[in-house]
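First the structure, in the form of structure tokens, and then the observations on it.
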Amino acid sequence: MKHHHHHPLNNDTAVSSSDAASPSTPSSPLPPPSSNRTSQKPSMAVEDPSRDPASASSLATTTASESVFVERRGDYSALCKWTIANFPKIKSRALWSRYFEVGGFDCRLLIYPKGDSQALPGYVSIYLQIMDPRNTASSKWDCFASYRLAIENLSDASKSVHRDSWHRFSSKKKSHGWCDFASLNSILDPKVGFLHSSNDCILITADILILHESFSFSRDNYDVQANNVSTMGGGGVIGPVVGDVLSGKFTWKVHNFSLFKEMIKTQKIMSPVFPAGECNLRISVYQSVVNGVEYLSMCLESKDTEKNSLISDRSCWCLFRMSVLNQKLAGGLNHVHRDSYGRFAADNKSGDNTSLGWNDYMKMADFMGPESGFLVEDTAVFSTSFHVIKELSSFSKSGTLIGVRNGGNVRKSDGHMGSFHGELRILHA
């Protein structure tokens, strides 16, 4: 069965403001970029003012000069309009909007008028932050959001600066956006049109879609299942799993698929991660055009959830089946399945895959058909079953035995003789 490797096609990528790692371009599969995206490459912000007491105190003085209006378009979609008055005179390093609710989560916007610590000189930084309203230190949560941030040009809407992205927000990754969002000089120039003539205000907008989802995960005969989502909630996270998961099944239900139908033409939706061997995998769904025909595309991709370099070297051989489940007809006769295999790794530095899947998984017309059974009450069900091929290898040199798991790189750096032994163990469910 033919499968495709996916590579990034543009570098205008939003980043998490809470990540302190160096900038990097993601290696996850990306659909074709939209024509209105710029080629400017942002870098990561490393400071979150919500955790900085000095910044927090300066934010408290800004509430009188800003206002937030939220236009709701259902439970999981909203357009936020944040007006900041006297913008050229603001001395605070960072400003927060007030919270507003979308999809059961608390959202707010953050702007650094003169850029954060990772911004290019002369650029404004803007981020979206999403929080669980429970706001407890012990709670683990995540939610997937697609969003557009914009600084509106009040004189000519076609000159507004806007950027689109998607992100799975979590208790560890609450903020996402761009540190090099727009030129400060352009915003402050009264002739350009970003400043309102009466009170020098600027208008920042955020168009936000929250994915309504639920999932289940099972390993062999032992089930680890997320709690069912509430009517306003997002998906959960898989709790701690003891030992490597060598075979299992992950099922992901998207309950508001039509809200993302246009979004997946240029972006993608992605599931929570689940463990497979020593890797973490997730399902990604987007739309492609193949030979003039619109297809639902689906792939399985690795996701490095740690910044540890030793962990990032992990990889696993995996046999997998990806399915779109038919919800109307019994017996599974009309489910759509695709099978493949490959080695997954946290990154592609070693030449291994970060994602494997199909651009032409199934025709969109078949998937979206009202009588087809794949989209019922706006819910789509995707699943993957997997079997990890367990690898054990060792390299001996001068009487020393070095154990290596999952195909670690073993090289002889000198002229000494050595021997390499490998073993594959295929585990069947």
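The values are calculated or read from the model by the stated rules, or taken from the named source; none is laboratory data. Just so it is clear, the structure is predicted and the values come from calculations on it, not from any experiment. A quick note on method: Cβ atoms are made from the backbone with ideal geometry, for glycine too, and the neighbour counts reach across all protein chains shown. For accessibility, only protein heavy atoms count, side chains too; no ligands or nucleic acids. Shrake-Rupley method; radii C 1.70, N 1.55, O 1.52, S 1.80 Å.
If you check LEU195 against the conditions, is it crowded, with 20+ Cβ neighbours inside 10 Å and more than 23 Å from PHE100 (Cβ to Cβ)? So LEU195 fits the description; yes. Condition (residue is under 14 Å from GLY177 (Cα atoms) and more than 22 Å from the chain's Cα centre (by Cα)) applied to the range 144-155: is it met by at least one residue? Yes, that holds for at least one residue. Within the range 83-100, which residues are part of a loop (DSSP other than H, G, I, E, B) and more than 18 Å from LYS174 (Cα to Cα)? Answer for the range 83-100, where residues must be part of a loop (DSSP other than H, G, I, E, B) and more than 18 Å from LYS174 (Cα to Cα): ALA85, ASN86, ILE90, LYS91, SER92, ARG93.
May I ask you to verify whether ASP75 is in a strand (DSSP E or B) and open to solvent by 40 Å² or more (accessible area, probe 1.4 Å)? Judged against the criteria, ASP75 is not a match. Condition check: touching a residue at least 60 places away in the same chain (Cβ under 8 Å), over 22 Å from MET270 (Cα atoms) and open to solvent by less than 30 Å² (accessible area, probe 1.4 Å). Does LEU120 satisfy that? So LEU120 fails the test.
Screening the range 123-136 for residues that are more than 17 Å from ASP207 (Cα to Cα) and open to solvent by 10 Å² or more (accessible area, probe 1.4 Å) and picking the one that is nearest to the chain's Cα centre (by Cα) gives ASP132.
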